[in-house]
1. With all pairs of different alpha carbon atoms counted, what Kirkwood hydrodynamic radius in Å does region 5-114 show?
2. Name the most mobile residue of GLY215, GLY36, GLY62, meaning the one with the largest mean-square fluctuation, in a Gaussian network model of the chain with Cα contacts below 10 Å.
3. Given Cα positions, please report Rg to Rh for region 144-232, the hydrodynamic radius being the Kirkwood one.
4. If one computes the Cα centroid of region 140-160 and of region 186-201, what distance in Å separates the two points?
5. Distance in nm between label sites at ALA145 and ASP74, each 7 Å beyond Cα in the beta-carbon direction?
6. Set the Förster distance to 41 Å, then compute FRET efficiency between ALA161 and ASP46 from the Cβ-Cβ distance, nearest 0.05.
7. What shape does region 192-232 take by its C-alpha gyration tensor, where a ≥ b ≥ c are the square roots of the eigenvalues and a/c under 1.5 counts as rounded, a/b above b/c as prolate, and the rest as oblate?
8. What order do you get for HIS181, HIS107 when you list them from fewest to most C-beta neighbours inside 10 Å?
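None of the figures in this text is laboratory data; all of them are computed from the coordinates on show. Bear in mind the structure is a predicted one, so any value in this text is a computation, not a measurement. Note: ideal-geometry Cβ built from the backbone for every residue, glycine included; neighbour counts use all protein chains shown.
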Amino acid sequence: MRWPYPRIVAHRGGGSLAPENTLAAIRLAASLGFRGVEFDVMLAGDGTPVLIHDETLERTTGVKGEVARTPYRDLEKLDIPRFQDAARLCRELGVWANVEIKPAQGHSRATGEAVAGMASELWRGAPLQPVLSSFSSVALEAARAAAPDLPRGLLVDEVPADWPGQLRALDCVGLHCNQRHLGEHEARAIKKAGYGLLCWTVDDPVAARRLLGWGADCLVTDALKLIGPGFA
């Protein structure tokens with residue numbers, strides 16, 4: 001595929017320069033010239049899609065509790081934004097979004113359906129649609145059913161031997177790979193097969209240039225000052 005999205009994307013909103021998965025992080029990335037951000041979306045206890053990576057609250061907020069058991073009215077006090085607010089901010093700032101569907105255990109289908117359905121509405125008429133990504137094939141299947149026109153990407157830690165079959169089965173536009181476990185042969189095979197190749201999380205400029213040389217379309221980074229939007 002021809003990759004229509006930004007080449008360099010800020011991880012969890014603002015990389016290492018801002019609190020992760022917050023509106024402030026997205027604003028920071030935009031202020032630095034980034035045209036793309038990645039963030040994680042999980043369902044709160046009342047079903048509200050919110051931006052957070054972990055199933056528990058403690059690492060990012062200092063408060064004990066499980067996201068899937070906490071209603072949004074309590075999460076709002078902890079600087080955990082709603083997905084809809086992040087989406088509106090992205091559109092306002094002209095920033096593309098790589099939306100990782102990050103379901104809590106046992107909530108894969110519900111999360112995929114909710115996030116995709118909401119994304120379809122929030123980006124209606126946008127010139128560049130978000131990509132919905134996930135490690136969960138169940139979440140991606142649900143996302144496809146809820147919003148078949150939105151592009152999807154399969155997240156993997158290590159590239160599976162049957163990656164072509166998995167991408168076809170889920171009708172994905174690309175494979176989103178952990179750059180630490182990606183080899184040149186795999187990268188070139190993914191590109192030769194016509195898929196987009198996104199690599200995460202790339203914080204070393206030497207590694208970034210190597211991956212781009214292998215044909216990677218997109219790098220997700222925490223090192224916003226080292227690997228900026230104009231990196232080449």
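1. Taking the inverse mean of 1/r over all distinct Cα pairs, region 5-114 comes out at 13.8 Å.
2. The residue that fluctuates most here is GLY62.
3. 0.99
4. A separation of 15 Å, based on Cα centres.
5. Modelled inter-label distance: 3.0 nm.
6. 0.50
7. prolate
8. Taking fewest neighbouring Cβ atoms as first place, the list is HIS181, HIS107.
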